[in-house]
Structure formats: C-alpha cells, structure tokens
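This report concerns only the one structure given below.
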Amino acid sequence: MDHITEQDVAHALEILGLTLPITTDDLERAKRVQLYNWNPTRYAGLTNNPKQYMQQVRKAEEMTRTIEAAYALISAVFIPDDPSH
C-alpha cells in the first residue's frame, strides 16, 4: 500500500461505520461489531437452499476480508506506531 488516498480512507471509514474524529477504542469496537455482523457462521441454517446459503457465506467471507483491510488501513493512517510494543 504505497499511496493511500482520501477516498481510500473515506471508504474504509464507511465500511467500519465510523466518522472522524475516531479513537482507538472506536476503531476496535467498530471492527468487532462489523466482524460479528458478517461472521460466516451466522448464516448456518439461514435457508434451506444450499446455493443461496453458499452465496451468503461467500459474501460474508468477502466482507470479513474487507473489514480487516479497512481496519488495517485506518490503523495505519490514524493510529501511530507505538515504539514500546
């Protein structure tokens, strides 16, 4: 990730449901909430249609990756590296 644009940051904030200013706690909470909402196991038994179920699981898996990427981007931009860790 060489060059992060304002649009990248805005999109990541939107994915996590955040608005500026944010704190580390806000960021952690937003990540947990979104990962819970998109957890693929939540779709177990959602439908009797296996094809529809697999589509939902794939969407949830994709969103989980997207949420993790958004979290990483926001962390890199707004949370300075802590040299003590």
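Of all residues in segment 1-27, how many are within 12 Å of residue 76 (Cβ to Cβ) and assigned to a helix (DSSP H, G or I)?
Adding up the residues that qualify gives 4.
What pairs can you find where one residue is in segment 45-66 and under 23 Å from residue 31 (Cα atoms) and at pLDDT 85 or above, the other is among the polar types (S, T, N, Q) and in a helix (DSSP H, G or I), and their Cβ atoms are less than 8 Å apart, with a gap of 6+ or different chains?
63/34
Looking only at segment 30-41, how many residues end up being assigned to a helix (DSSP H, G or I) and farther than 13 Å from residue 75 by Cα? Walk me through it before giving the result.
Narrowing segment 30-41 to residues assigned to a helix (DSSP H, G or I): 30-37, 40-41.
Still in the list and also farther than 13 Å from residue 75 by Cα: 32-37, 40-41.
Result for segment 30-41: 8.
Can you run down the residue pairs with Cβ atoms below 8 Å, 6 or more apart or on separate chains, where the first is in segment 1-20 and in contact (Cβ under 8 Å) with a residue 12 or more places away in the chain and the partner is basic (Lys, Arg) and not in a loop (DSSP other than H, G, I, E, B)?
Sorted first by the residue in segment 1-20, then by its partner, the pairs are 16/31.
Return the residues of segment 14-71 that are among the hydrophobic types (A, V, I, L, M, F, W, C), under 20 Å from residue 4 (Cβ atoms) and surrounded by fewer than 12 Cβ atoms within 10 Å (Cβ to Cβ); say none if nothing qualifies. Even if it seems obvious, please write down each step before you answer.
Of all residues in segment 14-71, those among the hydrophobic types (A, V, I, L, M, F, W, C) come to 15-16, 18, 20, 22, 27, 30, 33, 35, 38, 44, 46, 54, 57, 60, 63, 67, 69-70.
Subset that is under 20 Å from residue 4 (Cβ atoms): 15-16, 18, 20, 22, 27, 30, 67, 69-70.
Passing the criteria: only 20.
The values are calculated or read from the model by the stated rules, or taken from the named source; none is laboratory data. All figures in this text were calculated on a predicted structure; none of them were measured in a lab. Virtual Cβ from ideal backbone geometry, glycine too; neighbours counted across all protein chains shown.
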